[in-house]
Amino acid sequence: MTFISAWGPFIITILYTITACILGYSAKGKLDMDKMENWSSSGNTMGVIVMIFLTGAGNVSSYTFLGAPGWGYSRGVACLYVVVYMAFIVYACYLMSPRVTRLALKSGYRTQAEGIGARFESPFLRILCGIVGAFAVIGNSLVQVIGSGNILNVMSHGAIPLWLGELIIVSAIAFYVYKSGLRAIGWTNVLQGVMMFCLSILVGLFVVYTAIGNLNIAEAFKTLQETSPQYLTLPGAMNNFPPIYWTTSILISVFSFWPQFWVWAAGAKDEDTARRQYLYVPIFYFVMIPMMIVGLVCVFAYTEFSGDSTDQVALQYCLDKLPWWMAGLLGAGILAASQSSAEPQFHTSTFTITHDVITPIAKLSPEKEGRLQRKLLLIVIFFIAFPLSVTNPGELVNILLVCYGFIGQLFPCMLGVLCWPRATKTGAIAGLAAGVLVVALFNIVWPNPLYVHAGIWGLLVNLPVFIVVSLFTKPASEETLRKFFPDYIMDQLYEEV
Amino acid sequence: MKEKKMKNWVIVRPRKPKEWIIFILMVGSILLTISPIVNVFNKPIVFLGLPLMFWLAIGALIIVIIVLNIAYRWGVH
């Protein structure tokens, strides 16, 4: 093995990281990033194209290039549940995001917790939602950080330990997000999105070709059908993903309007921009299909895989069997996927903690808040996300599933913000607390009982509590409700008694 | 003196026919991919080069793009 074939992939991967840093650093332009609205929402300057990539690339993460093929390799077609739920999340985003943009432009609600707190007239609920949201988003970011560590570890042939690889990438992200905020994320996501799309297709074709000698994908799947048909159906090769778990995992994900969706929508130029981006975002998600095919092909084509985690199978296959430059580009593509998702997650969790937890408690001025949020980014990245990721809590997909369970508990609150004026703060708090408790119990004590996702159990408790308690407690004032609901709703909302 | 009391069940929901159609398409497309209909696709059959479950996932993406473009053209928000 020559030097270039051994270290070329690693060099390409590092060069990509440097390019992303330069692009992200220069993205700030003339905006003053000490101003809260500029760092957090790019001053409402983002157009449709940037928004498409911000959302699409932001949602396509380490899962796509590491976790999905890893699950394809270990379980089979169960990995496709992510494609399905990500398609349907777009429905909720299409309906909710323009309304969020309107609220942000009209009333300045830049975070989900702030909007919920204002709607329910409850600073306490704002803080509670901020904590739940930030916790889930940070948890989600672990997927990206661990993925990044895996890439550098594999690319360096083990010379860079996982923890150091994770530290290098989070430092790069901190560098340009600190400087340029959401604008950096938007522009780096355009670069990363283009890379991911091209690489996914290219790698998929290369892997099929090296596995069977031609590009006849049907032949690859016929081989799998004859040798290991359990990979082509649920409950999958490990017999632990039956149709009910598929169903409830999809449903809890569809109900999850993530805090970063609100932040992105709050950064849109106008409602129509927020709406139009979602017409095309699902096209982006086709990028996941080729990588899932890679994982399934590895079942029969890479029986010698002996890595520590199946999350590494696609990357290791490419290093062992593909041209060095292809493997390098894949490494860069995976880093692109990880960074494009980690950036908004760090940004949103930091912004949420500052804006919705610390500022209401400490009553900070906007200027102090603006200066604090950038500094807090470094604490979130280096003292919370990075140490947690070093503990390597589990497979990437399983971490994601847990986070969805918690974030799904904010769904009733969002119903109250956008759909049901009668919802009250007491109902929202009671439902949220009950739901979070159930999710915690059904993740730690009795994981996903009866193969029903813990988040669905949480909602089965959360929603009735939310509704019943709301009906027996006092609603928000008419003045507040007029900010959130259209006139035709307000005109029929009250009756004289 | 009469007081104002809030009605319990006033909610934001589809009102016009086009809004109802889009809502039904959205819910219907989700139902097509989960239990029990997922079992129609949950078979070790390779069709046009891909397992049936892959076609389910690809179909979900295509349906969402179509439904949302119709919704946008109809002004359904």
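The values are calculated or read from the model by the stated rules, or taken from the named source; none is laboratory data. It should be emphasised that the depicted structure is a prediction, and the values quoted were computed from it without experimental measurement. Note that each Cβ is placed from the backbone with ideal geometry, even for glycine, and that neighbours are counted across all protein chains shown. For accessibility, only protein heavy atoms count, side chains too; no ligands or nucleic acids. Shrake-Rupley method; radii C 1.70, N 1.55, O 1.52, S 1.80 Å.
Step through the residues of region B:65-77 one at a time and calculate ³J(HN,Hα) from phi using the Karplus curve (6.51 cos²θ - 1.76 cosθ + 1.60, θ = phi - 60°), rounding each to whole Hz and writing x for Gly and Pro.
Calculated HN-Hα couplings, in order: 4, 5, 4, 5, 5, 5, 4, 5, 5, 7, x, 8, 10 Hz.
Quick one, can you get me the convex hull of the C-alpha atoms of region A:180-269 expressed as volume per residue in Å³?
163
Write down the Å³ per residue value for the convex hull defined by the alpha carbon atoms of region B:17-74.
On the way: hull volume 4.1 nm³, N = 58.
Taking only Cα atoms, region B:17-74 has a hull volume of 71 Å³ per residue.
Extension gain B:Lys4-B:Ile62, at 0.36 nm per residue separation less the Cα-Cα distance, in nm?
Full extension from B:Lys4 to B:Ile62 adds 16.1 nm.
May I ask you to find the residues of region A:71-89 that are shielded by at least 20 Å² of accessible area once the whole protein assembly is considered instead of their isolated chain (probe 1.4 Å)?
Checking the loss per residue gives A:Val77, A:Leu80, A:Val83, A:Val84, A:Ala87, A:Phe88.
Once the other residues with Cβ under 12 Å from the Cβ of A:Val132 are scored (Lys, Arg +1; Asp, Glu -1), what is the net sum? Could the numbers behind the result be given before it?
Numbers: positive: A:Arg126; negative: A:Asp356.
Net charge in that neighbourhood comes out at 0.
Among the lysines, select those whose C-alpha is under 26 Å from the C-alpha of A:Lys321, and discard any that sit fewer than 8 residues away in the same chain.
A:Lys222
Under a 1.4 Å probe, what is the accessible area of region A:311-450 per residue, stated in Å²?
Counting only protein heavy atoms, the per-residue value for region A:311-450 is 33 Å².
Karplus couplings for region B:21-33 from phi (6.51 cos²θ - 1.76 cosθ + 1.60, θ = phi - 60°), rounded to Hz, Gly and Pro as x?
4, 4, 4, 5, 5, 4, 5, x, 5, 5, 4, 5, 9
Calculated from DSSP H runs of 4 or more alone, at -39500 (n - 2.57) each and per residue, what is the 222 nm mean residue ellipticity of chain A, nearest 500?
-23500 deg cm²/dmol
So how far apart, in nm, are the two label points at A:Tyr488 and A:Ile22 if each is 7 Å from Cα heading toward Cβ?
Once both label points are built, they end up 5.3 nm from each other.
Any idea how far apart A:Lys375 and A:Glu478 come out in nm if each label point goes 7 Å out from Cα toward Cβ?
The two pseudo-label positions are separated by 4.6 nm.
Whenever you get a sec, line up A:Leu450, A:Leu401 from highest to lowest accessible area (probe 1.4 Å, protein heavy atoms).
A:Leu450, A:Leu401
So which trypsin sites (Lys or Arg not before Pro) in region B:1-71 pass both tests, a DSSP loop state and at most 10 other Cβ atoms within 10 Å of the Cβ?
The qualifying sites are B:Lys2, B:Arg15.
I want to check the label-to-label distance for A:Leu205 and A:Lys321. Put each point 7 Å from Cα in the C-beta direction and report it in nm to one decimal.
1.8
If the reach is capped at under 16 angstrom between alpha carbons, list the aspartates and glutamates near B:Lys43, excluding any in the same chain fewer than eight residues apart.
The reachable aspartates and glutamates, counting only those whose Cα sits under 16 Å from B:Lys43, are A:Glu226.
Shielding by partners for B:6-15, please: the mean number of other protein chain Cβ atoms within 10 Å of each residue's Cβ. Numbers along the way, then the final one.
Details: counts 10, 6, 7, 3, 12, 9, 12, 3, 0, 1.
Mean partner shielding for this stretch: 6.
Could you tell me how far the Cα centroid of region B:34-77 sits from the Cα centroid of region A:380-459, in Å?
Cα centroid to Cα centroid, the span is 27 Å.
With only alpha-carbon atoms in the gyration tensor, what are the semi-axes of the equivalent ellipsoid for the protein assembly as shown, in Å, largest first?
Rounded to whole Å, the semi-axes are 39, 28, 21.
With θ taken as phi - 60° and the coefficients 6.51, -1.76 and 1.60, list the Karplus ³J(HN,Hα) couplings across region A:454-464 in order, rounded to whole Hz; mark glycine and proline as x.
Coupling constants for region A:454-464: 4, x, 5, 4, x, 5, 5, 8, 4, 4, x Hz.
Could you work out the pair-distance distribution P(r) of region A:70-196 from its alpha-carbon pairs, with 10 angstrom bin width and percents rounded to whole numbers?
Pair shares across the bins are 10, 23, 38, 22, 7, 0.
Using only protein heavy atoms and a 1.4 angstrom probe, determine the accessible area buried between B and A, summed over both sides, in Å² to the nearest 100.
The B and A chains share an interface burying roughly 5100 Å².
For the pairs A:Lys483/B:Lys7; A:Lys106/A:Lys179; A:Lys269/B:Lys16; A:Lys106/A:Lys474; A:Lys483/B:Lys4, flag any whose C-alpha to C-alpha distance is greater than 22 Å.
Table pairs above 22 Å Cα-Cα are A:Lys106/A:Lys179; A:Lys269/B:Lys16; A:Lys106/A:Lys474.
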